[in-house]
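Asks: Dumping the structure here so I can ask a few things about it.
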Amino acid sequence: MESVIERIEQGKFWKFHGGIHPPQQKFLSTDKPIRQLPLPELLRIPVQQHIGEPGDILVTVGDKVLKGQALTVANHPMVVPVHAPTSGTITAIEASVIAHPSGLSELCIFLKPDGEEKWRDREICPDYQQLSKNDLIDKIAQAGISGMGGAGFPSHIKLNTAAQINYLIINAAECEPYITADDLLIREQCAAILDGIKILDNILAPAFILIGIEENKPEAIQALKNATKTIDKIKVCVLPVIYPTGGEKQLIQVLTGKEVPSGTLPSALGIVMHNIGTCFAIADAVINDIPLIKRVVTVTGKSVAKPQNVWALIGTPVEFLLQQCGCQQGNKKHIIMGGPMMGFSLPSFTVPVVKTTNCILAPDEAEIPDNDQEVECIRCGQCADVCPSQLLPQELQWSAKAHDHQALNDLNLFDCIECGACAYVCPSHIPLVHYYRVAKAEIRQQTLLDIKAEKAKQRFEARKIRLEREKLAREEKHRKAAEARKARMNSGTAEANNEKSAVAAALARVKAKKAQEKDTNNDVTASDTSVGSPQEIEKTDKKSQVAAAIARAKAKKLAAQTAPNTESNKSTQSSNVIAEAVNNADNSSKAAEGEITDSTSVINTNVIKDIEKPSELSKKDKIAVAIAKAKAKKRATEAKPLKNEPPEDLLSEKPSNDEPDSQIVTNSTNKTEQQVKEQALSPDDIKKAKIAAAIAKAKAKKRQTTESIINNEIPDDNEQRNESAEKEIQTATQGESLDKNARIAAAVAKAKAKKQQESKN
Amino acid sequence: MSLLLAIVIIGVLASCFGALIGFASVKFKVEGDPLAEQIDALLPQTQCGQCGYPGCKPYADAVANGEAINKCAPGGDDTIKKIADLMGVEAQALDESHQTDNTPKVAFIIEEDCIGCTKCIQACPVDAIIGTTKQMHTIISDECTGCDLCVAPCPVDCIIMMPIAKNTRNWQWDLNSIPVEQIS
Ligand code: SF4
Ligand code: SF4
Ligand code: SF4
């Protein structure tokens, strides 16, 4: 450590690899003091301006807030609150375009200043030496201070380190060619900055404090030297101008000769670095109880008439700053936030100044070379020569273009500080940094996806195990129950005998029912058809059932198809086929109702052929099949020989007897299943099919209820009500907002059915 | 004589090495099918079943046993390419029968419409739905893989698939959208 200090005292420093010397443009804005601006009309304060998480919003629209009042509160150590930069009214809390290269919107608090600048109560505390370390850190966290150099890392996190700190480095290098915000701040606020440094000294207790500043700021250097003359611990280190000295790792290397290993924080080496602007903000926060609500912004570039540093309130629109500094409307083509090397073009000029905004650059045409066409890499190696992180930019570039994430990791892509030195020297005008940014975002996204996939996998496995366990448990239960029953039945008691005879009786009933079914079937067919010979009865009966089934399926499809829906106007080819099939089905259904002739079977085969044409089994079909299954099941459960309702199909089919009807229906649904499988639906049928499903389910439920009602000899009005419910459903199906109405109707029907059942029980 | 000796020596050597190899195969037996596991690691773990298998792992097993590599719709071309690289076969286009768009989505339950039938819970392969009989259900969007399986079973169609909103965290730099200027 001594040797480091000796070297520094002799004015000797280390060098980092590479670096460039872009033309300096600082003179544009160094000659004028920092200007106070009038209040803008509206402030947009992004809820999150730092690395980490956004805080919880404390205010609501319409609230009056005072200057310095906290707008969000930290619920997490990585959260930095934001404060009202002036007094006024919250007019909105909504997403708005923020200072991010994506041009995406994030949540912002809109504040309309009232011009009174009324402060909240403040506790001025000149005697910060009395405060404990934790109190100081807490004050800094409450004041919403995050790194003001560029990345916006929460300052209190950096201060809350347990490691023994040898060097506190204050970064005043400001190596970007245009920016002078720190320079001017030092010149004007040197005393406050020194207070801030002392507060940091109190918290971190480092062995030495090194202020790194490039030699192109003579006035600032002089000011700092004068201020720190009497303090031995603080060394002002005047560094040669080379870009990017201001990079964290680069500055550490220049001052101490140590390289921060890839993937570690400087605190591992006993070093903490803070920006000089952050020191000022810390002094303001601790001593004057002023949270971070304004910052110095360099508004510069050749398009600006009066390039100058300004005190900008957080949330001030960039547009307002440009106006104030006399930037003409015409040449607002490229406005860059941040420096020319590391900044980004703004997506919109309403974006607000945030805590990390150090510069607004409005260059003229000459300053921005017209977008030179990128050409192939010529492998000159210049990029590798200038890379301060000692990476191989051309290799990175190829791997980035190939999306080879493994290779990028091997080449240490994440050590790239995006300084832009490589792109600056590249003779082929390859926007190297762009490729790295894209690749970094991709890798980050991929990592997130990998984590999510791993989680999904675990949950999937866990679920499988759970289902398996539940199945076993169920089987075990059934087995036990069966065993218990057996044991009981064999016990020879009167109860057991009862049970035995009950089983026997049930078996007998089933048999009787089967026989009866056969009879009625024959009866019905005989009465319904003109075919006389008993041998043919069964044949024609089957035929009629099949025909009816097909008819139903077609009719339903037709109903779904022709339901007044604007979408159905786009009749696709498949729906044409279906329509044709439905026509056939109409015929065949008539045939099924009236006389059954041989022609029925002809039509049937036609229908089936038609349907089979588009034999694509897709999801929608599956849905339809599921519906059909559900119905079939429902019907099967109601197969009691009782007065039944007519089937709900939209075609009017007269059931002559309930028993066969329910059979027909069962068959028909089976048939439907088959047919639907074979059918291809146009995409907008999915929705309709689903709605039909919901209705069908609702109806099935209702029918079940109705049946129980009839069983209990309920007066007719119940049935009427039911019918009206059904009517509702049908009208709704044809209604204009088919989707919604149908759902409502289904729900209504369900509710009614339920009520009836309840009133019965 | 020397011929006999040679045969005996070679024979003894052969049986020694045979025993050694036999021992090694028992001692260092690799559990499971490493290829299937590697393939499984490449699959997106959406568990949607669009490949025709009941989950990603079964499909990975099937691919390891010669099933076509182009059936994973959510993974899309990227996944197919990775599997092709791993297996040393030619990458193919995604199977035509499921040309779905694979923009990431999450399911969302329109809560006022939910009737609490629990059907969606039974369908969800990753248990991402909370709810119980006759109570409103909701989806833990962080756990939802966007597999679409809960949409069809819902009797009142109150589950919709929503594309995941872009924000500054999951945003991907796009060279063509807004140029990031670097001037000299
Ligand atoms: S942008 Fe990255 S790769 Fe290029 S010079 Fe800077 S650190 Fe090196
Ligand atoms: S400077 Fe440009 S052309 Fe030269 S090696 Fe690097 S990327 Fe290739
Ligand atoms: S909630 Fe729905 S879409 Fe999401 S994982 Fe579960 S079943 Fe799939």
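Since every read-out is calculated from the coordinates, none of them should be taken as a lab result. Predicted, not measured: the structure shown is a model, and the values here were computed from it. So basically every Cβ, Gly included, is an ideal-geometry build from the backbone, and we count neighbours across all protein chains shown.
Asks: For the range A:91-103, in order, what is each residue's ³J(HN,Hα) by Karplus, 6.51 cos²θ - 1.76 cosθ + 1.60 with θ = phi - 60°, in whole Hz (x at glycine and Pro)?
Replies: With the stated coefficients, the range A:91-103 comes to 9, 6, 10, 7, 6, 8, 4, 10, 6, 8, x, 6, x Hz.
Asks: Further, regarding this structure: Using Cβ counts within 10 Å as a stand-in for footprinting exposure, how do B:26, B:156, A:79 rank, fewest first? Write out the running numbers ahead of the final one.
Replies: Working: B:26 8, B:156 23, A:79 20.
Taking fewest neighbouring Cβ atoms as first place, the list is B:26, A:79, B:156.
Asks: With label points built 7 Å along Cα→Cβ from the Cα atoms of residue A:89 and residue A:66, find their separation and express it in nm.
Replies: It works out to 2.0 nm between the two label points.
Asks: What shape does the range A:139-270 have by the C-alpha gyration tensor, where a ≥ b ≥ c are the square roots of the eigenvalues, rounded means a/c under 1.5, and otherwise prolate means a/b greater than b/c and oblate the rest? Intermediate values should be presented prior to the final figure.
Replies: Working: a/c = 1.35, a/b = 1.17, b/c = 1.16.
Since a/c stays below 1.5, the shape of the range A:139-270 is classed as rounded.
Asks: Here's something else I'd like to know. If packing is taken as the average number of other Cβ atoms within 10 Å across a peptide's residues, how do A:118-124, A:356-362, A:18-24 rank, most packed first? Please report the intermediate quantities before stating the final value.
Replies: On the way: A:118-124: 11.4, A:356-362: 26.9, A:18-24: 17.1.
Descending mean neighbour count gives A:356-362, A:18-24, A:118-124.
Asks: Apply the a/c threshold of 1.5 to the C-alpha gyration tensor of the range A:358-502 and tell me whether it is rounded, prolate or oblate.
Replies: Taking the square roots of the gyration eigenvalues as a ≥ b ≥ c, the range A:358-502 is prolate.
Asks: Residue A:273: net charge of surrounding residues, Cβ under 10 Å, Lys/Arg +1, Asp/Glu -1, itself excluded?
Replies: Working: positive: A:158, A:249; negative: A:248.
Summing Lys and Arg as +1 and Asp and Glu as -1 gives +1.
Asks: Right, another one. Going by the alpha-carbon gyration tensor, a ≥ b ≥ c the square roots of its eigenvalues, is the range A:91-178 rounded (a/c under 1.5) or, if a/c is not under 1.5, prolate (a/b greater than b/c) versus oblate?
Replies: On the way: a/c = 2.12, a/b = 1.27, b/c = 1.66.
Since a/c reaches 1.5 but b/c is at least a/b, the shape of the range A:91-178 is classed as oblate.
Asks: Got a sec to turn the phi values of the range B:148-160 into Karplus ³J(HN,Hα) couplings, 6.51 cos²θ - 1.76 cosθ + 1.60 with θ = phi - 60°, whole Hz, x for Gly and Pro?
Replies: 6, 6, 7, 6, 5, x, 5, x, 10, 6, 9, 9, 10
Asks: If R0 is 45 Å, what FRET efficiency do you get for residue A:259 and residue B:78 from their C-beta distance, rounded to 0.05?
Replies: After rounding, the FRET efficiency stands at 0.80.
Asks: What are the residues whose amide H is under 5 Å from the amide H of residue A:236, where those residues sit 5 or more places off or on another chain and H is modelled from the backbone?
Replies: Residues meeting the criterion, in which the H sits 1.01 Å from N, are A:211.
Asks: For an R0 of 25 angstrom, estimate the FRET efficiency from the Cβ-Cβ distance between residue A:120 and residue A:75 and round to the nearest 0.05. If you can, show how the numbers build up before the last one.
Replies: On the way: r = 21 Å, r/R0 = 0.84.
That gives a FRET efficiency of 0.75.
Asks: Turning to a different aspect of this structure: What is the average number of partner chain Cβ atoms found within 10 Å of a Cβ in A:459-468?
Replies: Working: counts 10, 12, 3, 2, 7, 4, 0, 1, 1, 0.
Other-chain Cβ atoms within 10 Å of each residue's Cβ, averaged: 4.
Asks: Quick check on the exposure proxy: order B:162, A:78, B:1 from fewest to most C-beta atoms within 10 angstrom. Mind dumping the intermediate values first?
Replies: Working: B:162 11, A:78 16, B:1 5.
Ranking B:162, A:78, B:1 by Cβ neighbours within 10 Å, fewest first, gives B:1, B:162, A:78.
Asks: Quick one: net charge around residue A:306, please, counting Lys, Arg +1 and Asp, Glu -1 for every other residue with C-beta under 14 Å from its C-beta.
Replies: Numbers: positive: A:32, A:35, A:302; negative: A:31.
Taking every Cβ under 14 Å from that of residue A:306, the sum is +2.
Asks: Give me, ordered by chain and number, the residues 5 or more places off residue B:146 or on other chains with an amide H under 5 Å from its own placed amide H.
Replies: Amide H to amide H, under 5 Å and 5 or more residues apart or across chains, residue B:146 pairs with B:107.
Asks: Looking only at other chains, what is the average number of their beta-carbon atoms within 10 angstrom of each beta-carbon in A:101-109? Kindly include the intermediate steps, with their values, before the conclusion.
Replies: Values: counts 8, 9, 4, 7, 3, 3, 1, 0, 0.
Other-chain Cβ atoms within 10 Å of each residue's Cβ, averaged: 4.
Asks: Whole-Hz Karplus ³J(HN,Hα) for the range A:194-209, in order, using 6.51 cos²θ - 1.76 cosθ + 1.60 and θ = phi - 60°, x for Gly and Pro?
Replies: Listing the rounded values in order: 4, 4, x, 4, 5, 4, 4, 4, 4, 6, 8, 6, x, 6, 9, 10 Hz.
Asks: Once amide H atoms are built 1.01 Å from N in the peptide plane, which residues 5 or more positions from residue A:104, or in another chain, come under 5 Å H to H?
Replies: Residues meeting the criterion, in which the H sits 1.01 Å from N, are A:98.
Asks: While we're here: Mind checking the mean number of beta-carbon atoms from other chains within 10 Å of the Cβ atoms in A:337-344? If you can, show how the numbers build up before the last one.
Replies: On the way: counts 0, 1, 2, 4, 3, 2, 4, 6.
Across the residues of A:337-344, the mean count of other-chain Cβ atoms within 10 Å is 3.
Asks: Given the peptides A:381-389, A:418-426, B:130-138, arrange them by the average over their residues of other C-beta atoms within 10 Å, most packed first.
Replies: Details: A:381-389: 20.3, A:418-426: 23.8, B:130-138: 13.7.
Most protected by this proxy first, the peptides run A:418-426, A:381-389, B:130-138.
Asks: Measuring from a point 7 Å past the Cα of residue A:51 along Cα-to-C-beta, which residues in the range A:124-152 have an amide N at less than 12 Å?
Replies: A:147-152
Asks: Which of B:55, B:75, B:22 moves most in a GNM of chain B, Cα contacts under 10 Å?
Replies: Judging by the Gaussian network model, the answer is B:22.
Asks: Please report A:477, A:198 as a ranked list, fewest other C-beta atoms within 10 angstrom at the top and most at the bottom. Spell out each step's value before the answer.
Replies: Numbers: A:477 10, A:198 20.
In order of increasing Cβ crowding within 10 Å: A:477, A:198.
Asks: Which order do the peptides A:189-196, A:35-42, A:155-162, A:482-489 take when ranked by the mean count of other beta-carbon atoms within 10 Å per residue, highest first?
Replies: Values: A:189-196: 20.2, A:35-42: 14.9, A:155-162: 18.8, A:482-489: 11.4.
For the peptides A:189-196, A:35-42, A:155-162, A:482-489, the packing ranking is A:189-196, A:155-162, A:35-42, A:482-489.
Asks: Of A:118/A:302; A:139/A:294; A:471/B:57, which sit over 29 Å apart, Cα to Cα? Mind dumping the intermediate values first?
Replies: On the way: A:118/A:302 37 Å; A:139/A:294 17 Å; A:471/B:57 21 Å.
In this structure, A:118/A:302 exceed 29 Å between Cα atoms.
Asks: With labels modelled as points extended 7 Å from the Cα through the Cβ direction, what inter-label distance (nm, one decimal) is found for residue A:205 paired with residue A:5?
Replies: With each label point 7 Å from Cα toward Cβ, the separation is 1.7 nm.
Asks: Counting other Cβ atoms within 10 Å, which GluC sites (Glu not before Pro) in the range B:26-74 have at most 14 and lie in a DSSP loop?
Replies: Those satisfying the criteria are B:31.
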